[in-house]
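The values are calculated or read from the model by the stated rules, or taken from the named source; none is laboratory data. Treat the numbers as computed from the prediction; the structure is a model and nothing was measured. Neighbour counts run over all protein chains shown; Cβ positions are idealised from the backbone, glycine included.
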Amino acid sequence: MNTIYSGLKSLYASCKKEPHIMRMKLRLKDKVDAKILRKAVDKTMKRYPYYTVELCKKNDMYVYMDNHRSIVITNTKEGIELNSADSNYHMISFSYYEDWIVMDIFHSIMDGYGVYSIVGTLLYYYYSFKDDKMLNSDGIKLVGDDLTIDEWQDPIENLENLPTPVRQELPKALNLREKSSIEDYDRTVYNISIDEDEFMRFNKDNRGSPTVMVALLISHIIKKMYPDDEDVIRIVAMVNNRKALEKPKAHQICVGGAFLEYNNAVSVLSLKQQVQEYRKALSEQTTKEAILSGISDLKEFNKTLLNMESDEDRHSFAASSIDITKYMTSAVVSYVGKANFGEPEKNIRDFRSLTTPLGDVLLIEIAAVNGFFSIDFIQPFSTPIFVNAFMNELSDYGVDAKLRDKTRLDLPNIRLPWDAL
């Protein structure tokens, strides 16, 4: 039995309208072999027993219990509903079509770090079986590894003597939908691709990083579109807290966010100076003390949540916290880091990271795989004005970005008791 502590907010905030599902899509260089995929998935999930679970209720609280049913694989683009009979009540499922492999995962059970670990293992076994030889496994988690307590145990639940949360009264952030008078609610994904060497040269020339640079360029285009607006341009950069927690192997959700604000004082600086301002802000908010303060705030949130009497009340409370995200955020930027999927990575020719944009906010997912950056603009609306402006901004700095496609964001649901709400 695994408690759901780090993932409580995601569990209770998720609903049919906004399912907290992460979808990873890998396009291979050849057609997917269904039989080999079945073998690879079965082998892979033996490495991650803490993900082969089902949602159960015990003493009025939800927990994850071992689920020995088979992980479901379907030949479909749409995927299947998680935590249902269709998925054998698992929180994860796989599907495939043509040359694509798709993973659907409930966000409450893991973050991007966990997803990347599974992808690395899956690719290793898939191509080992396909090529009938054992590949180089450096850096890949495999069956037979020692599963230490640090990998199993929630790194947050039992933390004590945390610093007092630092609460700031932040002014309202500029909201892209409101300022652009966007009325459509057609969730849309625009994917662009940039050569990895080219984008990293641009970053290094300006002493930046992919997270900082994308956040800064998004700030640029918002400032150009709304130069006289008084609302703050505030980008949230997602941060992996495992280093600060000294739990690098933890499988649970271990992410936080840093606020990067673009104001008039920053806007008059050179690009390199602007990068340094964003890096300074990111560094100040990712010290161990700052991260532990944020975790203290999360623990207070969870305490309030757990003291409520009904699932409906908990859902309303968690959902309202997402509304605060909309108030405080212009856009969110998420980058797990360079994929490092090992030898089989050379077989990936496209890679997508998708999830529901929370609180009606633009979400930008960055992935660096097999020599290219894949950047997904996950929008709560369909207009291309922001992705077009972003590509023009890159072009102005001499970076070539290619629009790969535009798709509707269709994520499967996860069946939860409050879906009807």
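Per the listing MET213, MET200, the residue uniquely in a helix (DSSP H, G or I), assigned by TED's automatic domain parsing to the domain that holds ASN370, under 30 Å from TRP100 (Cα atoms) and without any contact (Cβ under 8 Å) to a residue 40 or more places away in the chain is MET200.
Test LYS243 against the stated conditions and say whether it is of a type outside the set (S, T, N, Q), free of Cβ contacts under 8 Å to residues at least 60 places away in the same chain and closer than 18 Å to ASP154 by Cα. Yes; evaluated as a whole, the condition is true for this residue.
Checking each residue in segment 235-267 for being within 19 Å of LEU176 (Cα to Cα) and surrounded by 22 or more Cβ atoms within 10 Å (Cβ to Cβ) picks out ILE235, VAL236, ALA237, LEU260, TYR262. Here segment 268-304 is the region considered, the condition is being among the charged types (D, E, K, R) and farther than 30 Å from ALA13 by Cα, and the residue that is surrounded by the most Cβ atoms within 10 Å (Cβ to Cβ) is GLU277. Being within 30 Å of ASP410 (Cβ to Cβ), surrounded by 14 or more Cβ atoms within 10 Å (Cβ to Cβ) and either at pLDDT below 95 or in the same structural domain as TYR50 (by TED's automatic domain parsing) (or both): is that true of SER180 here? Yes: the conditions hold for SER180.
In segment 1-27, the qualifying residues are those that are in contact with a Pro (Cβ under 9 Å, 6 or more places away or on another chain) and modelled with pLDDT of 95 or more, and the one that is farthest from ASP60 (Cα to Cα) is ARG23. If you take the residues of segment 358-383 that are more than 30 Å from GLU345 (Cβ to Cβ) and not polar (S, T, N, Q), which of them is modelled with the lowest pLDDT? Among them, the one singled out is GLY359.
So is VAL232 in contact with an Asp or Glu (Cβ under 9 Å, 6 or more places away or on another chain), over 20 Å from ALA389 (Cβ atoms) and assigned by TED's automatic domain parsing to the domain that holds LYS338 or not? For VAL232, the condition - in contact with an Asp or Glu (Cβ under 9 Å, 6 or more places away or on another chain), over 20 Å from ALA389 (Cβ atoms) and assigned by TED's automatic domain parsing to the domain that holds LYS338 - is not met.
Of all residues in segment 156-196, how many are in contact with an Asp or Glu (Cβ under 7 Å, 6 or more places away or on another chain) and assigned to a loop (DSSP other than H, G, I, E, B)? Qualifying residue count, segment 156-196: 4. Cβ-Cβ distances below 7 Å connect the following pairs, each with a first residue in segment 263-277 that is assigned by TED's automatic domain parsing to the domain that holds SER209 and closer than 17 Å to TYR397 by Cβ, a second residue that is β-branched (Val, Ile, Thr) and surrounded by 14 or more Cβ atoms within 10 Å (Cβ to Cβ), and a separation of six or more residues or different chains: GLN274/VAL266; VAL275/VAL212. Each residue in segment 1-23 was checked for being outside any loop (DSSP other than H, G, I, E, B) and not hydrophobic (A, V, I, L, M, F, W, C), and 6 pass. For the residues GLY114, GLY120, the requirement of being in contact with a strand residue (DSSP E or B) (Cβ under 9 Å, 6 or more places away or on another chain) and under 16 Å from VAL41 (Cα atoms) singles out GLY114. When residues in segment 86-133 are screened for being aromatic (Phe, Trp, Tyr) and in a helix (DSSP H, G or I), 7 of them pass.
If you filter segment 108-130 down to residues that are in contact with a helix residue (DSSP H, G or I) (Cβ under 6 Å, 6 or more places away or on another chain) and surrounded by fewer than 23 Cβ atoms within 10 Å (Cβ to Cβ), you find that the one that is farthest from VAL63 (Cα to Cα) is LYS130.
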